[in-house]
Amino acid sequence: MNKIEYGTNVILIDEERGKRHMTKLREGLRFTTQYGFIEHDEIVKILDGGIITASKGVRYRVLKPTYIDYIMNIKRRAQIIYPKDTAAMLMEGDVYPGLNVLEAGVGQGALSIAILRALGGKGTLTSYELREDFAGDAARFIAEFYGEAPNHDIQVRNIYESIDGEYDRVLLDLPEPWQVVPHLEKGLRQGGLLVCYLPTILQVKSCVDALREAGYYDEISSFELIKRPWKVDGRSVRPEMWTFNHSAFLITCRKVEKMLPKVKPEKAETPEELEETYEMPEEE
Ligand SMILES: C[S@@+](CC[C@H](N)C(=O)[O-])C[C@H]1O[C@@H](n2cnc3c(N)ncnc32)[C@H](O)[C@@H]1O
């Protein structure tokens, strides 16, 4: 289980600067670095978590990539959802095995991989992506990291135009998710959850307005998550000087039966009407 194999990616971290490199292992190839080189044939002899020394004497930690390692190291052409937000989308969106999930757009497939892992092979993931080249990239990344996914269907199409089928969960990473709201009237089942990922607060406003206007959504919540790393080194225990401050906002909500405004009983006007409405106390 913790053997490193040809054909898989490996993370190499140098002891000098702690820089992480991801490389795919192939028989007879070399990983070259400013510290010399390392033969791939030597890396496959090391276990996950082990150490290997480059030709100039610098040591490297050898690790199998985690989801975060993989996603942060792929050569990507589209922006991805950052793992802290992906985690929240799965949890707030209550994604679990057996559900039918719809996602758009796919981009490089970072969120798709996380959804497929949460489904654990049970249920389905349908992904709409406008660009054929991105759909192709995503399919390759998913196959490389997750493996075969017979429960995953990537469709090259515009979600602003339509949705086919009805889903338990819809997760959107699109510039204008409010254009999808009319299609969710049939596309998201009652009781189902919608999660949107939006970089700017003006997008959040437009989306929440559209959800409120549709009238089918309850528990609408808009928030952002900030990860604040701390330095813990001897007596120096403090927040890191640098922080990656903003990624995006999230909106979560639940599709419900439309609740019309409460009808208040009309007020009685005349004394006769008052007598009809209230029983008058008997005089002693
Ligand atoms: C930021 S990327 C998505 C990244 C992805 N969530 C990930 O984690 O890798 C946004 C994607 O939405 C796609 N897109 C934009 N408008 C779309 C639409 N109307 N229908 C389907 N996909 C769309 C874009 O082509 C792009 O690939």
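The values are calculated or read from the model by the stated rules, or taken from the named source; none is laboratory data. In this text the structure is predicted, and so the values were computed from the model without any measurement. Cβ sites come from the backbone with ideal geometry, for glycine too, and all protein chains shown count toward neighbours. Just the protein is used for accessible areas: all its heavy atoms, side chains included, with ligands, DNA and RNA removed. Shrake-Rupley method; radii C 1.70, N 1.55, O 1.52, S 1.80 Å.
Can you report the number of residues in segment 86-96 which are near the ligand (Cβ under 8 Å from one of its atoms) and in contact (Cβ under 8 Å) with a residue 40 or more places away in the chain?
Here is the first cut: in segment 86-96, the residues near the ligand (Cβ under 8 Å from one of its atoms) are 86.
Applying the additional criterion that residues be in contact (Cβ under 8 Å) with a residue 40 or more places away in the chain yields none.
Of the residues in segment 86-96, 0 are near the ligand (Cβ under 8 Å from one of its atoms) and in contact (Cβ under 8 Å) with a residue 40 or more places away in the chain.
Among (1) without any contact (Cβ under 8 Å) to a residue 24 or more places away in the chain; (2) surrounded by fewer than 15 Cβ atoms within 10 Å (Cβ to Cβ), where does GLN179 come up short?
Here GLN179 clears every test but (2).
Quick one: GLY107 ticks every box in (1) assigned to a loop (DSSP other than H, G, I, E, B); (2) of a type outside the set (A, V, I, L, M); (3) exposed (fewer than 15 other Cβ atoms within 10 Å of the Cβ); (4) modelled with pLDDT of 95 or more except a single one, so which number is it?
GLY107 satisfies all of (1) assigned to a loop (DSSP other than H, G, I, E, B); (2) of a type outside the set (A, V, I, L, M); (3) exposed (fewer than 15 other Cβ atoms within 10 Å of the Cβ); (4) modelled with pLDDT of 95 or more except (3).
Give me the residue from segment 110-129 that is in contact (Cβ under 8 Å) with a residue 24 or more places away in the chain and in a loop (DSSP other than H, G, I, E, B) and, out of that set, surrounded by the most Cβ atoms within 10 Å (Cβ to Cβ).
Within segment 110-129, the first condition is being in contact (Cβ under 8 Å) with a residue 24 or more places away in the chain, and the residues that meet it are 110-119, 121-129.
When the remaining residues are screened for being in a loop (DSSP other than H, G, I, E, B), the result is 121-123.
On the way: GLY121: 10, LYS122: 10, GLY123: 19.
Within segment 110-129, the match that is surrounded by the most Cβ atoms within 10 Å (Cβ to Cβ) is GLY123.
Considering only segment 131-178, state which residues are assigned to a loop (DSSP other than H, G, I, E, B) and within 12 Å of the ligand (Cβ to nearest atom). Explain how you work it out, then say what you get.
To start, the set of residues in segment 131-178 that are assigned to a loop (DSSP other than H, G, I, E, B) comprises 131, 146-151, 157-166, 173-176.
Within segment 131-178, ARG131, ARG157, ASN158, ILE159, TYR160, GLU161, SER162, ILE163, ASP173, LEU174, PRO175, GLU176 meet the criteria.
At least 2 residues that are surrounded by 10 or more Cβ atoms within 10 Å (Cβ to Cβ) and of a type in the set (Val, Ile, Thr) in each: list the strands (runs of 3 or more DSSP E) lying fully within segment 222-274 that qualify. Quick ask: steps written out before the conclusion?
On the way: elements: 230-233, 236-239, 249-255.
By residue number, 249-255.
Here is a yes/no grid of residues against (1) at positive phi; (2) within 16 Å of the ligand (Cβ to nearest atom); (3) out of contact with any Leu (no Cβ under 9 Å at 6 or more places or on another chain); (4) assigned by TED's automatic domain parsing to the domain that holds LEU174:
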position: THR32; (1), (2), (3), (4): no, no, yes, no
position: ILE43; (1), (2), (3), (4): no, no, no, no
position: ILE51; (1), (2), (3), (4): no, no, yes, no
position: LYS84; (1), (2), (3), (4): no, yes, no, yes
position: GLY98; (1), (2), (3), (4): yes, no, no, yes
position: GLY107; (1), (2), (3), (4): yes, yes, yes, yes
position: GLY121; (1), (2), (3), (4): yes, no, yes, yes
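So for segment 200-217 (the condition being away from the ligand (no atom under 11 Å from the Cβ), out of contact with any strand residue (DSSP E or B) (no Cβ under 7 Å at 6 or more places or on another chain) and within 30 Å of GLY7 (Cα to Cα)), does at least one residue qualify?
No.
Quick one: would you say GLY98 is in a loop (DSSP other than H, G, I, E, B), over 30 Å from LEU194 (Cα atoms) and in contact with a strand residue (DSSP E or B) (Cβ under 9 Å, 6 or more places away or on another chain)? So that I can check it myself, show each step before the final result.
Details: in a loop (DSSP other than H, G, I, E, B): yes; over 30 Å from LEU194 (Cα atoms): no; in contact with a strand residue (DSSP E or B) (Cβ under 9 Å, 6 or more places away or on another chain): yes.
Answer is no for this residue.
How many of the residues in segment 47-92 are β-branched (Val, Ile, Thr) and more than 24 Å from GLU5 (Cα to Cα)?
3
One line per residue, one yes/no per condition, for (1) touching a helix residue (DSSP H, G or I) at 6+ places or on another chain (Cβ under 8 Å); (2) open to solvent by 70 Å² or more (accessible area, probe 1.4 Å); (3) of a type in the set (Gly, Ala, Ser):
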{"site": "VAL170", "(1), (2), (3)": "yes, no, no"}
{"site": "LEU188", "(1), (2), (3)": "no, no, no"}
{"site": "GLY192", "(1), (2), (3)": "no, no, yes"}
{"site": "CYS196", "(1), (2), (3)": "yes, no, no"}
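Consider ILE11 carefully, then state whether it is within 16 Å of the ligand (Cβ to nearest atom), open to solvent by less than 50 Å² (accessible area, probe 1.4 Å) and not basic (Lys, Arg).
Values: within 16 Å of the ligand (Cβ to nearest atom): no; open to solvent by less than 50 Å² (accessible area, probe 1.4 Å): yes; not basic (Lys, Arg): yes.
Criteria not met by ILE11.
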